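S.K.: Take a look at the following structure, please.
The values are calculated or read from the model by the stated rules, or taken from the named source; none is laboratory data. Note that the coordinates shown come from a computational prediction; the quantities given were computed from them, not determined experimentally. Quick reminder, even Gly has a Cβ in these numbers, built from the backbone with ideal geometry, and neighbours come from all protein chains shown. With ligands, DNA and RNA removed, areas are computed over all heavy atoms of the protein, side chains included. Shrake-Rupley method; radii C 1.70, N 1.55, O 1.52, S 1.80 Å.
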Amino acid sequence: MTDSRIALVTGANKGIGREIVAQLAARGMTVLLGARDTERREKAVAEVGGDVRGIALDVTDAASVARAAATIDNEYGRLDVLINNAGITGGVPGEPSQLELARLRLVFETNFFGVLAVTNAMLPLLRRSSSARIVNVSSGVGSLAAMSDPDSPLHAMPASGAYVPSKTALNSLTVQYAKELRPEGILVNAIDPGYCATDLNNHRGFRTAAQGAAPAVALAVIGDDGPSGGFFGDEGTVAW
Ligand SMILES: NC(=O)c1ccc[n+]([C@@H]2O[C@H](COP(=O)([O-])OP(=O)(O)OC[C@H]3O[C@@H](n4cnc5c(N)ncnc54)[C@H](OP(=O)(O)O)[C@@H]3O)[C@@H](O)[C@H]2O)c1
């Protein structure tokens with residue numbers, strides 16, 4: 001049976017986002033492929049196939065976010081699934097002592113404030129859905145438990161003052177959205193895609209982008225009795 005839901009994926013012209021689009025479209029959903037660059041967006045839409053439409057969306061640009069929400073309102077009148085996937089690392093060096101504030105701000109602008117801006121702009125549309133889901137693409141590196149556990153492989157990672165705290169903050173925001181939206185039946189979760197080979201890490205990851213997309217898709221299609229305010233990966237719950 002096909003799925004008639006409408007989904008929006010941010011930062012979806014490549015990498016994990018594009019794979020999330022492909023997997024949602026394969027289930028029969030209408031998927032809006034959000035991307036800030038017209039050429040990259042159109043190329044991705046053509047490559048993915050299925051009921052996929054491009055939508056201009058720079059998550060750091062308030063006018064772009066408002067335009068995207070207005071377009072979805074005019075064309076569909078509602079949104080069922082929002083996947084906040086757009087993200088950047090901020091580059092190297094990443095150690096807190098080496099970080100210029102401008103770089104830190106840009107990372108948070110994209111990975112944290114961008115999620116808040118897009119979510120709030122889309123909420124009126126999500127509220128018109130009978131089973132709205134929000135999935136925030138976080139990272140295992142955002143886990144304070146793993147980062148501070150000497151037995152975790154993440155403990156040996158070089159210190160990161162922008163990307164890692166932005167994902168920890170995103171996890172916290174996820175819990176707060178879940179708390180606020182639970183009475184309305186809107187389920188909000190964070191996911192860890194695992195270490196995937198994408199442009200984000202110069203393709204050093206050992207998982208494919210398609211594997212990284214799978215937890216996001218799983219949380220996008222959970223039933224009304226599914227979890228909210230959780231952090232999940234392939235293997236189930238990820239420690240905060
Ligand atoms: N790869 C991994 O191992 C890994 C692990 C854990 C979590 N993640 C998370 O997974 C998500 C996707 O990452 P990825 O690995 O697929 O990276 P990627 O291939 O670099 O893709 C990132 C996407 O985000 C978009 N983006 C960046 N800034 C944007 C903005 N201001 N507005 C709209 N789109 C923007 C990029 O668009 P442009 O092409 O226009 O730059 C691109 O489409 C990120 O949130 C990342 O933190 C990745």
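S.K.: Would you mind stating whether ALA22 is within 13 Å of the ligand (Cβ to nearest atom), open to solvent by 20 Å² or more (accessible area, probe 1.4 Å), farther than 26 Å from ALA102 by Cα and among the small types (Gly, Ala, Ser)?
M.R.: Numbers: within 13 Å of the ligand (Cβ to nearest atom): yes; open to solvent by 20 Å² or more (accessible area, probe 1.4 Å): yes; farther than 26 Å from ALA102 by Cα: yes; among the small types (Gly, Ala, Ser): yes.
Against the criterion (within 13 Å of the ligand (Cβ to nearest atom), open to solvent by 20 Å² or more (accessible area, probe 1.4 Å), farther than 26 Å from ALA102 by Cα and among the small types (Gly, Ala, Ser)), ALA22 qualifies.
S.K.: If you check THR119 against the conditions, is it assigned to a helix (DSSP H, G or I) and polar (S, T, N, Q)? Can you show your working first?
M.R.: Working: assigned to a helix (DSSP H, G or I): yes; polar (S, T, N, Q): yes.
It is true that THR119 is assigned to a helix (DSSP H, G or I) and polar (S, T, N, Q).
S.K.: Would you please name the residue that is surrounded by the fewest Cβ atoms within 10 Å (Cβ to Cβ), looking only at residues in segment 34-75 that are near the ligand (Cβ under 10 Å from one of its atoms) and of a type in the set (Lys, Arg)?
M.R.: ARG40
S.K.: Taking segment 164-197 as the region of interest, how many residues are part of a helix (DSSP H, G or I), away from the ligand (no atom under 13 Å from the Cβ) and either open to solvent by 30 Å² or more (accessible area, probe 1.4 Å) or among the hydrophobic types (A, V, I, L, M, F, W, C) (or both)?
M.R.: Qualifying residue count for the region: 11.
S.K.: Where residues in segment 76-115 are buried (at least 21 other Cβ atoms within 10 Å of the Cβ) and away from the ligand (no atom under 15 Å from the Cβ), which of them is nearest to CYS196 (Cα to Cα)?
M.R.: It comes out as VAL81.
S.K.: Residues being in contact with a helix residue (DSSP H, G or I) (Cβ under 8 Å, 6 or more places away or on another chain), part of a helix (DSSP H, G or I) and touching a residue at least 40 places away in the same chain (Cβ under 8 Å): count how many of those fall in segment 143-163.
M.R.: 3
S.K.: Sort out which residues of segment 198-231 are in contact with a strand residue (DSSP E or B) (Cβ under 7 Å, 6 or more places away or on another chain) and either open to solvent by 40 Å² or more (accessible area, probe 1.4 Å) or within 9 Å of the ligand (Cβ to nearest atom) (or both), and write them in order of number. Let's see the steps before the verdict.
M.R.: First, the residues of segment 198-231 that are in contact with a strand residue (DSSP E or B) (Cβ under 7 Å, 6 or more places away or on another chain): 205, 207-209, 211-212, 215-216, 219-220, 222, 226-231.
Hits for segment 198-231 are GLY205, ARG207, THR208, ALA209, GLN211, GLY212, ALA216, PRO227.
S.K.: Let me ask you something else. Taking the conditions exactly as written (polar (S, T, N, Q) and either in contact with a Cys (Cβ under 8 Å, 6 or more places away or on another chain) or surrounded by 17 or more Cβ atoms within 10 Å (Cβ to Cβ) (or both)), does SER143 satisfy them or not? Show your work before the answer.
M.R.: Values: polar (S, T, N, Q): yes; either in contact with a Cys (Cβ under 8 Å, 6 or more places away or on another chain) or surrounded by 17 or more Cβ atoms within 10 Å (Cβ to Cβ) (or both): yes.
When the stated conditions are applied, SER143 passes them.
S.K.: Looking at (1) in contact with an Asp or Glu (Cβ under 7 Å, 6 or more places away or on another chain); (2) within 15 Å of the ligand (Cβ to nearest atom), can you tell me which one ALA159 breaks?
M.R.: All conditions are met except number (2).
S.K.: Return the pair list, or none, for Cβ contacts closer than 6 Å from residues in segment 220-238 that are under 21 Å from SER4 (Cβ atoms) to residues that are among the charged types (D, E, K, R), at least 6 apart or on different chains.
M.R.: Correct list of pairs: ALA220/ARG133.
S.K.: What tally of residues in segment 184-225 results from selecting those that are touching a Gly at 6+ places or on another chain (Cβ under 7 Å) and among the aliphatic types (A, V, I, L, M)?
M.R.: Kept after step one, since they are touching a Gly at 6+ places or on another chain (Cβ under 7 Å), are these residues of segment 184-225: 187-189, 191-200, 207, 209, 211-212, 215, 224.
In the following step, the residues that additionally are among the aliphatic types (A, V, I, L, M) were identified as 187-188, 191, 197, 200, 209.
Of the residues in segment 184-225, 6 are touching a Gly at 6+ places or on another chain (Cβ under 7 Å) and among the aliphatic types (A, V, I, L, M).
S.K.: Can you name the residue in segment 7-19 that is within 14 Å of the ligand (Cβ to nearest atom) and not in a helix (DSSP H, G or I) and is also surrounded by the most Cβ atoms within 10 Å (Cβ to Cβ) among such residues?
M.R.: Going residue by residue through segment 7-19, those that are within 14 Å of the ligand (Cβ to nearest atom) are 8-19.
So of that shortlist, the ones also not in a helix (DSSP H, G or I) come out as 8-14.
Values: LEU8: 29, VAL9: 34, THR10: 30, GLY11: 26, ALA12: 32, ASN13: 25, LYS14: 17.
Ranking the qualifying residues of segment 7-19, first place goes to VAL9.
S.K.: Then there is this: Output the residues belonging to segment 116-140 that are open to solvent by less than 10 Å² (accessible area, probe 1.4 Å), free of Cβ contacts under 8 Å to residues at least 60 places away in the same chain and under 14 Å from the mean Cα position of the chain (by Cα).
M.R.: Passing the criteria: THR119, ILE134, ASN136.
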